[in-house]
Amino acid sequence: MKLFSYILAYRRLLLTAVSLLGLLPLPLIIRTKEAECAYVLFVVAILWVTEALPLSVTALLPGLMFPMFGILPSTHVASTYFKDFHLLLIGVICLATSIEKWNLHKRIALRMVMIVGVNPAWLTLGFMISTAFLSMWLSNTSTAAMVMPIVEAVSQQIIRAEAGAEANQMTYINEAANVGLDIDETAVGQETKEKKEKTKAAPGCSNDTGNISSKIEVRKNAITGKKYRSKKDHMMCKLMCLCIAYSSTIGGLTTITGTSTNLIFTEHFNIFKEMFKCGKSQTAKEKACAEVIMQEYQKLGPMRYQEIMTLVLFIIMALLWFSRDPGFVPGWSELFRQYSGFVTDSTVALIIGLLFFLIPAKILTKTTSTGEIVTFDYSPLITWKEFQSFMPWDIAILVGGGFALADGCEVSGLSTWIGNKLSPLGSLPLWLIILICSLIVTSLTEVASNPATVTIFLPVLSPLAEAIQVNPLLILLPSTLCTSFAFLLPVANPPNAIVFSYGHLKVTDMVKAGLGINIFGVAVVMLGIFTWISPMFDLYTYPSWAPTVRNVTVP
C-alpha cells in the first residue's frame, strides 16, 4: 500500500521515464531518421495526452531531441517556434486586452444573453452558427480568437446571474420569514415580542434564519473565491469552449477560402488539371437570471469613448480579414501582387494591434502651483504591461512545438514513408481505400499541421487513384476534408490552442470529446461521398483531364 502511494505521488516522473526509455529501442534498433523522428513524435504525444509534464515544457522537447538525432539543426528548429501564427496571436491579444479592459466584452455578452436568453442550448447553437458562418470567410484561427472573449464573458455572466438569482431568492425567503415573525409579535403584544426576541437568541429558534444567512454568505464567498459554483457551471464552460473549437474548424470546410487545406487542394487540383426548448415558457430561475442580467447591463451605462474605439477597431480588423482575399472577388492583397503571399492575416492583426498602443484613451493632466490644469501626456487604449498580462506565452510555445514536429516529420522523411506505405491499398475495395486514407490523414493531422499533411498526401494519393482507374477527386476530396478534423489535442490546430488557453479544458477533455467528433466527421464525409457528393461532381466517371490509363492485355 505504501509502495502504491509512492508510485501515485511520483506518477508524472515515472510516466516520463517510462515513455523515454520504453520507446528507446525504436531508434536504437531501426537506426533511420524516420524511426528517430517517430520516437520523438510518440514521446511528445504521450506526454501531451497524459500531461505528465506541463504542455509547454513538453512542446520544447523537439527543440532538444531533433538536433541530438541529427534531424534538424538547432537554428532551424528554433525558428519553427515562432511563425506567422504567433504574429497573428499578438495582434489578436491586443484586441482582446482592450475589449476586456474597457468591458466591451461584458456589454456584448449581456446584450446577447438578453436577446437569446440564459438557456445554454440556445446560446450554444447561436455561437456555433455565428462562428461557423464567420469561419467560412475568415481563417479558423482569426474566427476563434475573435469569438472566444465574448463566449468567455457570456459564460461568466450566466454563472454570476444564476448565483445572484439564487441569492436573491434566499434573501426573499428570509425576509418573508422575518415579516411573518413580526406580525405574530405585534398580535400578541409587546411583552410577548420581548419574550420572542429573547427566545430568538436561543439555539432552537435561531438556526433557520442563521443557516439561511450563512448559506448566502457561503454562496457569495464561493462566487468570489472559486471559478465555478458547481460541476454544471464547469461543464457549461467546457461546452462553450468545445463548440467554438469545433464550429470554427467545421465552418471553414464549406468554402475554398475557409481553411488553408482547401486552398492547397485547389492549387494542387489546378496544377493536376491544368436540443432545444422551443415554445416553453421560462422557469422562475430563468426569469430571475434574466432580471439580474438586465440589472448588470444597466449598471454599464451608455457606451464610453474607449468602448466605441475598441469596437471600431474590432470591426475594421474583421473587414480587413474578410476583404484581403475573399476568393470570389479580388481583395486588397492584389495591391501587393508582386509580393504574392507575403501579406497574411497576421499583417492585419499587427496593424490593428499597434493602433491600440497609439490611440489615446485618457488625457493625463497635472495641476501647477498656480492652480492651472495642464495636459502633459495621454494614456493609450492598452499598455505593454496590460498586454503582457493577457498574452498566453505558454500557448505560443505549445503551438510552436507542433510546428517543430511537423517540420521534423517532413525533413526526416517520416511523412513520405507513411505515404509510400499506402501504395498497396490499390488491391482493396474502393470504399475501404477512401476510409483508410481518411482515417490516416485524420490521425496524422493531430500531430502534424493541416497544411503539411494535405501537401504531403495529395501527391501520393493522386497516383494511387490513377493506378486503380478511379476519378482522383473520389479520393482527394474526402482526404482533404478529413485533414481538418484535428480535434483531439490543443496543438492539433490553432483554434484548439486558443480555446484551451482559457483554462476550462484539460487535454483529456479534448481527447474524449474530440475522438467522437473525429469519428463522426469521417462517417459524415464517407456518407456524403457515396450519396450526394459523387453525383454532384460526377465522381464515378474518369475525367478527361486526368492522365490516360493504358490498358495492358495479359497473355
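The values are calculated or read from the model by the stated rules, or taken from the named source; none is laboratory data. This structure is a prediction, so every number in the text was calculated from the model and none was measured. When we count neighbours, we look across all protein chains shown, and the Cβ atoms used for this are built from the backbone with ideal geometry, even at glycine. Heads up: the accessible areas ignore ligands, DNA and RNA and are worked out on the full protein's heavy atoms, side chains in. Shrake-Rupley method; radii C 1.70, N 1.55, O 1.52, S 1.80 Å.
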Completion exercise
Residue hits (segment 242-264; open to solvent by 10 Å² or more (accessible area, probe 1.4 Å), modelled with pLDDT of 80 or more and in contact with a Pro (Cβ under 9 Å, 6 or more places away or on another chain)) are Y246
Problem - Test: I46 is at pLDDT 90 or above, over 14 Å from F403 (Cβ atoms) and open to solvent by 30 Å² or more (accessible area, probe 1.4 Å) - result: no
Exercise for the section: Search segment 332-389 for residues being basic (K, R) and either part of a loop (DSSP other than H, G, I, E, B) or more than 26 Å from L95 (Cα to Cα) (or both), and hand back the single one that is most open to solvent (accessible area, probe 1.4 Å). Expected result: R337
Practice task
Provide a single number: the residues in segment 89-106 that are open to solvent by 20 Å² or more (accessible area, probe 1.4 Å) and under 17 Å from I308 (Cβ atoms).
Solution key: 5
Fill in the blank from the handout: Here the qualifying pairs (Cβ atoms under 8 Å; residues six or more apart or on different chains; first in segment 535-554 and open to solvent by 90 Å² or more (accessible area, probe 1.4 Å) and modelled with pLDDT of 75 or more; second polar (S, T, N, Q) and not in a loop (DSSP other than H, G, I, E, B)) come out as Y540/S534
Practice task
Tell me, yes or no, whether segment 101-109 has at least one residue that is assigned to a helix (DSSP H, G or I) and of a type in the set (F, W, Y).
Solution key: no
Fill in the blank from the handout: V118 passes all but one of the listed conditions (1) surrounded by 20 or more Cβ atoms within 10 Å (Cβ to Cβ); (2) modelled with pLDDT of 80 or more; the exception is number (2)
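This table checks each residue for (1) open to solvent by 70 Å² or more (accessible area, probe 1.4 Å); (2) over 28 Å from the mean Cα position of the chain (by Cα).
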| position | (1), (2) |
| --- | --- |
| L3 | yes, yes |
| R12 | yes, no |
| A17 | no, yes |
| K33 | yes, yes |
| C37 | no, no |
| T50 | no, no |
| A59 | no, no |
| P62 | no, no |
| F69 | no, yes |
Handout entry: Per-region count, segment 304-331, residues open to solvent by 60 Å² or more (accessible area, probe 1.4 Å) and in contact with a helix residue (DSSP H, G or I) (Cβ under 6 Å, 6 or more places away or on another chain)
Key = 2
Handout entry: Residue count for segment 68-100, restricted to those that are assigned to a loop (DSSP other than H, G, I, E, B), more than 22 Å from Y39 (Cβ to Cβ) and either modelled with pLDDT of 90 or more or among the polar types (S, T, N, Q) (or both)
Key = 0
Problem - Qualifying positions in segment 394-407 - among the hydrophobic types (A, V, I, L, M, F, W, C), farther than 16 Å from L41 by Cβ and at pLDDT below 85 - result: I395, A396, V399
Practice task
Within segment 408-418, identify whether any single residue is at pLDDT 80 or above, open to solvent by 10 Å² or more (accessible area, probe 1.4 Å) and out of contact with any helix residue (DSSP H, G or I) (no Cβ under 7 Å at 6 or more places or on another chain), and answer yes or no.
Solution key: yes
Fill in the blank from the handout: Of L435, L444, the only residue that is of a type in the set (A, V, I, L, M, F, W, C) and either at pLDDT below 80 or under 26 Å from the mean Cα position of the chain (by Cα) (or both) is L444
Handout entry: Among the residues listed as V524, V511, the single one being of a type in the set (V, I, T), outside any loop (DSSP other than H, G, I, E, B), more than 26 Å from A52 (Cβ to Cβ) and open to solvent by 30 Å² or more (accessible area, probe 1.4 Å)
Key = V524
Problem - Any chance P27 is in contact with a helix residue (DSSP H, G or I) (Cβ under 6 Å, 6 or more places away or on another chain), farther than 21 Å from V507 by Cβ, open to solvent by less than 60 Å² (accessible area, probe 1.4 Å) and part of a helix (DSSP H, G or I) - result: yes
